[in-house]
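Trainee: Have a look at this one before I ask anything.
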Amino acid sequence: MINVGNDWQPLFDIEQEKPYYRELRRFLKSEYFSKTVYPPMNEIFRAFALTSFADTKVIIVGQDPYHEPGQAMGLSFSVMEGTQEPPSLQNIHTEIMNEGVEQGPWSSDLTRWARQGVLLLNSTLTVVAHRAASHAGKGWEIFTDNAIRALGDDERPKVFMLWGSYARSKKALISKSCHLILESAHPSPLSAYRGFFGNGHFKACNEFLSRTGQKPIVW
């Protein structure tokens, strides 16, 4: 059984008892035993471990982990320090610089965001090496949708950043009008010039956090 170590635990306790999760766990045991799967098993739930439910004020939704060696680390869009930055992350950095928001020293490891309350959540939390979306449809989406739904049902104002059609489909899970939902094209090279660049999301996020009495993110 998973012990995430913070106030996400009640959701984990509920989900781990459901049939879909038990089947997912059996599937993952077989996959990790027989194949190369990312991220490392002890980092699957890193986003939840670093950003408690109560501390979450920004949610950035990704699809599934990076699938090449040394990349995936349990946080959407983030890769380990020293790893070549994927193009999507490069484009995120470019947009931050263009918006002129407050920044810390740049690193491809976005743990510093997670510690400020940015939940970097992929919809699917594991992937087979070199095979994008290889663990899609195995149960992870149920788990992460329920996490997004719980955040959306919470009365504390939050910012949901939904980039690309897949992430934007999660808008239906967000029930409360107190939240700010920011939608645009995905930062990947295929779509960044069709609406991600110039979306102003990082500035809009920080302005919303300030208006609602919360500390802005140092990006």
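Trainee: Around ARG156, with a cut-off of 12 angstrom between Cβ atoms, what is the net charge of the other residues, counting Lys and Arg +1 and Asp and Glu -1?
Mentor: Around ARG156, the surrounding residues sum to -1.
Trainee: Further question on the same structure: On a 0 to 90 degree scale, rounded to 10, what angle separates helix 201-211 from the longest Cα axis of the chain?
Mentor: Orientation of helix 201-211: about 80 degrees from the principal axis.
Trainee: How much net charge surrounds ILE59 when only other residues with a Cβ under 10 Å from its Cβ are counted (Lys, Arg +1; Asp, Glu -1)?
Mentor: +3
Trainee: Only loop residues by DSSP count here, and only those with at most 14 other Cβ atoms within 10 Å; note down the trypsin sites (Lys or Arg not before Pro) in segment 23-110 that meet that.
Mentor: LYS35
Trainee: In the chain, which longest range has no GluC sites (Glu not before Pro) that are both DSSP loop (not H, G, I, E or B) and surrounded by at most 14 other Cβ atoms within 10 Å?
Mentor: No qualifying site falls inside 156-219, the longest such stretch.
Trainee: Here is a further query. Which trypsin sites (Lys or Arg not before Pro) does segment 94-182 hold that lie in a coil by DSSP with at most 13 other beta carbons within 10 Å?
Mentor: ARG115, LYS176
Trainee: A further question on this structure: Tell me the angle of helix 140-153 to the major Cα principal axis of the chain, expressed in degrees between 0 and 90 and rounded to the nearest ten.
Mentor: Approximately 40 degrees, to the nearest ten.
Trainee: If R0 is 25 Å, what FRET efficiency do you get for LYS171 and ASN146 from their C-beta distance, rounded to 0.05?
Mentor: That pair, LYS171 with ASN146, gives E of 0.95.
Trainee: Let me check I've understood the local charge: for HIS179, count other residues with C-beta under 13 angstrom from its C-beta, Lys and Arg +1, Asp and Glu -1. What total comes out?
Mentor: Its environment carries a net charge of +4.
Trainee: Another question about this same structure. Where does the chain land on the Kirkwood hydrodynamic radius, alpha-carbon pairs, in angstrom?
Mentor: When all Cα pairs of the chain are included, the Kirkwood radius is 17.6 Å.
Trainee: In the chain, what % of DSSP beta bridges are antiparallel (nearest 5)?
Mentor: 20 percent
Only the coordinates and a few stated rules stand behind these numbers; no lab work does. Everything quoted here is computed from the prediction, not taken from an experiment. Note that each Cβ is placed from the backbone with ideal geometry, even for glycine, and that neighbours are counted across all protein chains shown.
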